[in-house]
Amino acid sequence: MKIKYLAALGILSLAGSVHADTLLSQDYSTFTTGALVGQGGWVQLGTIATNPIQVASGAITMANSGQDVATPFAAVSSGDLTVTFTLNLSAAQAGGDYFLAFDTSSTATNYNSRLFAKSSGSGYVLGLQMGITGATPVYGTTELAFGSIYTITLTRTFVAGAANDTGFVNVDGSSYTGLVTWAGTSGEDASLAAIALRQGSAGSAATIAGIGSMTVTTSAVPEPGTVALMGLGLGAVLFGARRRRA
């Protein structure tokens with residue numbers, strides 16, 4: 001019985017780790033001070049090149065309007081897609097605007113799962129918008145401080161069916177926005193393959209003193225064929241254990 005239990009546990013553990021991959025890992029302290037574009041796969045989105053996004057003091061810095069950029073990773077179309085990074089804001093505005101999103105490619109402007117920042121009291125709050133046309137961001141209620149560094153996790157979950165993908169934002173490992181479901185009239189993109197940084201509108205966007213240590217990971221649902229193979233593997237292990245005991 002112990003052999004059967006351990007075999008089953010091992011294969012179930014393998015099933016849980018299938019397709020759990022790091023798609024992007026960047027430490028900006030290793031980048032050259034100056035323009036971000038041309039380093040780490042980052043390219044300019046669109047034609048606006050004013051206020052180019054920079055690398056300074058080991059982090060990405062952004063003004064509140066100007067150049068937008070993106071960097072690619074292997075396309076993901078199922079399971080969870082997560083980006084984790086450190087964030088230090090120096091200013092935000094009452095209207096709020098998004099500064100980071102997933103994208104369908106590093107040359108497109110199909111911004112998905114948009115991360116917003118707006119001023120609140122003496123600090124700011126972050127918000128997540130799932131959906132594009134007709135959707136609005138859902139903001140957390142915990143005020144964050146300007147000049148402080150936080151670890152931000154944004155997770156997008158692909159859910160079977162139309163207009164029902166979900167997402168959430170955690171700050172320093174704790175739930176911040178709660179679960180946000182796709183909204184509005186825009187359809188969901190079938191896959192995502194880039195991270196985009198956007199400087200937005202001068203009248204509403206935040207000023208970012210530092211984005212650092214960015215990692216993109218995926219934990220996709222195993223394909224049916226993979227699950228079937230695991231089942232066969234479990235059967236073979238148990239059969240061999242039974243023969244040895246006999």
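Observations
- Which numbered condition G16 fails, given (1) more than 27 Å from S219 (Cα to Cα); (2) at pLDDT below 95; (3) not hydrophobic (A, V, I, L, M, F, W, C): (1)
- In the range 125-140, the residues that are touching a Phe, Trp or Tyr at 6+ places or on another chain (Cβ under 9 Å), not hydrophobic (A, V, I, L, M, F, W, C) and not in a strand (DSSP E or B): G131, P137, G140
- Meets criteria (assigned to a loop (DSSP other than H, G, I, E, B), closer than 18 Å to L128 by Cα and modelled with pLDDT of 95 or more) for S204: yes
- The range 43-78, subset outside any strand (DSSP E or B) and without any contact (Cβ under 8 Å) to a residue 40 or more places away in the chain, residue surrounded by the most Cβ atoms within 10 Å (Cβ to Cβ): P52
- Selection status of R114, free of Cβ contacts under 8 Å to residues at least 24 places away in the same chain, in contact with a Gly (Cβ under 9 Å, 6 or more places away or on another chain) and within 20 Å of S78 (Cα to Cα): yes
- Taken over the range 147-197, residues that are assigned to a strand (DSSP E or B) and among the aromatic types (F, W, Y) amount to 3.
- Residues of the range 143-157 that are hydroxyl-bearing (S, T, Y) and within 14 Å of S175 (Cβ to Cβ): Y150, T151, T153, T155.
- Scanning the range 79-118 for residues that are over 13 Å from the mean Cα position of the chain (by Cα), part of a strand (DSSP E or B) and under 15 Å from G200 (Cα atoms) gives L89, A91, D97, Y98, F116, A117, K118.
The values are calculated or read from the model by the stated rules, or taken from the named source; none is laboratory data. Owing to the predicted nature of the structure, the values given are computational and were not obtained by experimental measurement. Positions of Cβ are backbone-derived with ideal geometry, glycine not excepted, and every protein chain shown enters the neighbour counts.
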